[in-house]
Amino acid sequence: MKSTELLVLDDFYTYLKNERRYSPNTLLSYQRDLVQFAEYCEQQDIASWSGVNPNSVRLFAASLYRKGLTGKSIQRKLSAVRGFFRYLQREKWLDSNPADGVAAPKSAKKLPNTLDVDQVNALLKTPPEAQSLIEVRDWAMMELLYSSGLRLAELIRLDLKDLDLQQGLVKVLGKGSKTRLLPVGTKAKEALLHWLNLRHQWSKEEIQAVFLSQRGSRLAARSVQARLANKGKMSDVTGSLHPHRLRHSFASHLLESSGDIRAVQELLGHSNISTTQVYTHLDFQHLASVYENAHPRAKKS
């Protein structure tokens with residue numbers, strides 16, 4: 001790549017700084033990505049920007065993928081390249097943008113991190129009947145998260161009127177302001193009744209939230225996350241414990257037992273079944289493990 005061609009990069013950075021008002025961190029990111037692209041072009045004996053074609057950009061993306069970069073990281077680099085060539089078009093140095101239409105390879109969908117049934121049972125096995133009020137509340141929260149697959153936002157938004165423990169139901173307000181009615185399991189019902197019988201010690205009349213802080217206010221999301229993280233550290237749980245991990249475990253275990261993906265979709269409040277289908281991968285992993293350990297022709301000698 002000729003030095004005069006590389007100087008055009010400096011012009012582009014000046015444009016991003018002065019006209020687009022990009023932050024220093026964003027500028028550094030563009031510089032790193034475009035220097036990497038320029039080095040790739042040199043390795044491919046591309047002497048000028050006009051010598052770059054769509055196939056060159058596709059091969060650049062493929063080289064990044066072989067190095068182990070995720071689809072998201074590659075897409076960011078392609079965005080920088082696309083923006084640079086758009087600038088060259090604007091300045092009338094090029095007629096077309098070779099990066100247009102070049103997409104990053106899709107990354108494999110990351111599977112949710114779940115607990116197995118034994119880990120959940122161990123986590124929730126001891127009702128804190130003689131322990132502190134905060135532990136009684138935390139026990140009720142964890143039981144409900146796992147029993148009904150609630151999101152964190154749905155949990156902290158719950159009001160007393162949303163619980164019908166006589167019928168074993170909870171009404172939640174989910175994404176898109178959609179409500180759904182969910183069953184509450186026996187263990188969760190027991191934990192909630194225990195908490196509600198003691199809740200008055202912290203409650204204020206005007207606060208109708210199910211879960212309260214020690215000051216009597218509605219419990220904040222950060223507080224729930226901190227309490228579960230602390231509980232995870234004190235237990236035998238591998239990795240961090242957070243509300244969504246209990247929701248993932250709820251979905252995985254239910255699908256594993258029932259095989260009814262439509263029911264799991266409804267319970268989770270997913271508008272698109274493709275979101276729920278990630279749990280079928282987890283279910284297959286479980287079945288594959290059972291097969292390998294049980295089938296006489298699959299076992300390793």
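Every number here is computed from the coordinates shown, using simple stated rules; none is lab data. Here the structure is a predicted model, which is why all the values come from computation and not from measurement. Neighbour counts are summed over all protein chains in view; Cβ atoms, including those assigned to glycine, are modelled from backbone coordinates with ideal geometry.
Each Lys or Arg adds one and each Asp or Glu takes one away; over the other residues whose Cβ falls under 14 Å from the Cβ of Lys204, this sums to 0. Other residues lying with their Cβ under 10 Å from the Cβ of Arg151 contribute a combined charge of +2, Lys and Arg counting +1, Asp and Glu -1.
Between Tyr15 and Ala220, the C-beta separation translates, for a Förster distance of 45 Å, into a calculated FRET efficiency of about 0.55. Separation of the range 254-274 and the range 2-38, taken as the distance between their Cα centroids, equals 47 angstrom.
How much length is gained on full extension from Ser213 to Asn53, taking 0.36 nm per residue of separation minus their Cα-Cα distance?
Taking Ser213 through Asn53 to full extension adds about 51.6 nm, to one decimal.
Using a simple spin-label model with pseudo-atoms 7 Å out from Cα toward Cβ, Lys178 and Asn230 lie 3.6 nm apart. For the range 138-146, putting each phi into the Karplus relation 6.51 cos²θ - 1.76 cosθ + 1.60 with θ = phi - 60° gives couplings of 4, 4, 5, 4, 5, 4, 5, 4, 7 Hz, in residue order, rounded to whole numbers and with x for Gly and Pro. For Arg180, the residues whose modelled amide H falls within less than 5 Å of its own, excluding neighbours fewer than 5 places apart on the same chain, are Val172, Gly174. In percent, rounded to a whole number, the relative contact order of the range 81-224 is 18, using alpha-carbon pairs under 8 Å and six or more apart.
With r defined as the distance between the Cβ atoms of His200 and Asp100 and R0 fixed at 41 Å, what FRET efficiency is calculated, to the nearest 0.05?
Given R0 = 41 Å and the Cβ-Cβ separation, E is 0.05.
How many angstrom lie between the C-alpha centres of the range 144-173 and the range 197-251? Between the Cα centre of the range 144-173 and that of the range 197-251, the gap is 13 Å. The Cα-based radius of gyration of the range 117-294, divided by its Kirkwood radius, gives an Rg/Rh of 0.97.
Which of the pairs Lys17/Lys72; Lys175/Lys231; Lys187/Lys231; Lys125/Lys233; Lys161/Lys189 have their Cα atoms more than 21 Å apart in this structure? Going by Cα-Cα distance, Lys17/Lys72; Lys175/Lys231 fall outside the 21 Å limit. Model label sites at Ala153 and Leu165, defined 7 Å from Cα along the beta-carbon direction, differ in position by 2.8 nm. In plain terms, the chain from Thr186 to Asn113 could stretch by 23.8 nm, reckoned as 0.36 nm per residue minus the Cα-Cα distance. What would the Debye formula give as log10 I(q)/I(0) at q = 0.11, 0.16 Å⁻¹ for the alpha-carbon point model of the range 3-90, no solvent? Here the Debye-derived log intensity ratios amount to -0.29, -0.63. In terms of Cα atoms, the Rg and Dmax of the chain work out to 27.0, 78 Å.
Placing a label point 7 Å from the Cα of Asn121 along the Cα-to-Cβ direction, the residues of the range 146-168 with a backbone N closer than 19 Å are 146-148. A cut-off under 15 angstrom between Cβ atoms defines the neighbours of Asn53, and their net charge, with Lys, Arg +1 and Asp, Glu -1, is -1.
Listed values for the range 36-43 are Karplus-derived 3J(HN,Hα) couplings in whole Hz (6.51 cos²θ - 1.76 cosθ + 1.60, θ = phi - 60°), namely 4, 5, 5, 5, 5, 4, 4, 4, and x replaces Gly and Pro.
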